[in-house]
Amino acid sequence: MARFVTIDIGSTWTKGAIVDLDGSAPRLLARASVPTTQHDLAEGFTRVRGALARDVGAEGATVRFSSSAKGGLAIAAVGLVPDLTLSVARMAAASAGGRVTAGFSYRLASDHVAAIAAARPDIVLLCGGTDGGNESHVLHNARALASSTLACAFLYAGNASIRDEVRGILGAKDLTVTENLMPEVGRLDLEPARECIRALFLARIVEGRGLTRVRAESGCDPKPTPLAVYELVAALARELPGWDDL
């Protein structure tokens, strides 16, 4: 029987369902929810899974789970032009488990760096400049960040022409380098940055508060809840007639 146990661990509630995919249409068999156990996220997960198993047999069911506990990854985005690179950074973050809690454009000043530190981001996303485009602002911002006391993860997704220089400047930081979010004006390449944010989500969210145990029990990695919703909307557009431009 093609049964799936699906559980979402949110900041407030942990909720789940059993869905049967046999037959001509999916059937919702049972639902359950408990307040999220912030001290140990696995505890709430186990309670929901147990409640679903009592209501409907879940033997052999495939388990999938998502999580937005902790509210996702807090991201400070540093770009060039607010309505270009910063908006693109928000697009990349939103569906990958992150949320942009601070945004800065053009050249970082000392008070900007202090504001980033005060925001306590999980990731600083440094971007800006098309490939072969602006270099001076991006390198200035890399140096300003390198001289800071920030101990979070850094993700560079800007001008590919100065990738090696940025890597050298920020080499003492926990740095990941990926493809430019906007290699040409009007052309976006979001997926490499999204994938890096997902990996950081797993490393920084899963390795705490019991999610390692949930991953071991379910046999799968959690999907960031915003990404799960993003993929659902994409599936609606792909699968339902008349919804292709959703």
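Of G242, G158, which residue is exposed (fewer than 14 other Cβ atoms within 10 Å of the Cβ) and either in contact with a His (Cβ under 9 Å, 6 or more places away or on another chain) or part of a loop (DSSP other than H, G, I, E, B) (or both)?
Working: G158 fails: exposed (fewer than 14 other Cβ atoms within 10 Å of the Cβ).
On inspection, the qualifying residue turns out to be G242.
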**Item:** Which numbered condition L181 misses (of (1) aliphatic (A, V, I, L, M); (2) out of contact with any helix residue (DSSP H, G or I) (no Cβ under 9 Å at 6 or more places or on another chain); (3) in the same structural domain as R99 (by TED's automatic domain parsing))
**Value:** (2)
**Asked** Say we look at segment 134-152 and pick out the residues that are part of a loop (DSSP other than H, G, I, E, B) and not aliphatic (A, V, I, L, M); which of these is surrounded by the most Cβ atoms within 10 Å (Cβ to Cβ)?
**Response** C152
**Fill in**
Apart from one, (1) more than 13 Å from A92 (Cβ to Cβ); (2) in a helix (DSSP H, G or I); (3) out of contact with any strand residue (DSSP E or B) (no Cβ under 7 Å at 6 or more places or on another chain); (4) at pLDDT 85 or above all hold for P192; the odd one out is (1)
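Quick check, is V233 over 22 Å from L41 (Cβ atoms), among the hydrophobic types (A, V, I, L, M, F, W, C) and over 15 Å from the mean Cα position of the chain (by Cα)? Give the steps one after another, and end with the answer.
On the way: over 22 Å from L41 (Cβ atoms): yes; among the hydrophobic types (A, V, I, L, M, F, W, C): yes; over 15 Å from the mean Cα position of the chain (by Cα): yes.
Taking the combined requirement at face value, the residue satisfies it.
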**Prompt:** Do any strands (runs of 3 or more DSSP E) entirely within segment 1-90 hold 1 or more residues that are at pLDDT below 80 and crowded, with 17+ Cβ neighbours inside 10 Å, and if so, which?
**Reply:** 73-78
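With G98, G103 as the choices, which residue is buried (at least 17 other Cβ atoms within 10 Å of the Cβ), touching a Lys or Arg at 6+ places or on another chain (Cβ under 8 Å), modelled with pLDDT under 90 and of a type outside the set (A, V, I, L, M, F, W, C)?
Details: G98 fails: touching a Lys or Arg at 6+ places or on another chain (Cβ under 8 Å).
Of the residues listed, the single one that is buried (at least 17 other Cβ atoms within 10 Å of the Cβ), touching a Lys or Arg at 6+ places or on another chain (Cβ under 8 Å), modelled with pLDDT under 90 and of a type outside the set (A, V, I, L, M, F, W, C) is G103.
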**Request:** Only one of these is buried (at least 17 other Cβ atoms within 10 Å of the Cβ) and in a loop (DSSP other than H, G, I, E, B): G171, G129. Name it.
**Result:** G129
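The values are calculated or read from the model by the stated rules, or taken from the named source; none is laboratory data. Being a predicted model, the structure only gives us computed values, none of them experimental. All Cβ positions, even for glycine, are placed from backbone atoms using ideal geometry, and neighbour counts span all protein chains on display.
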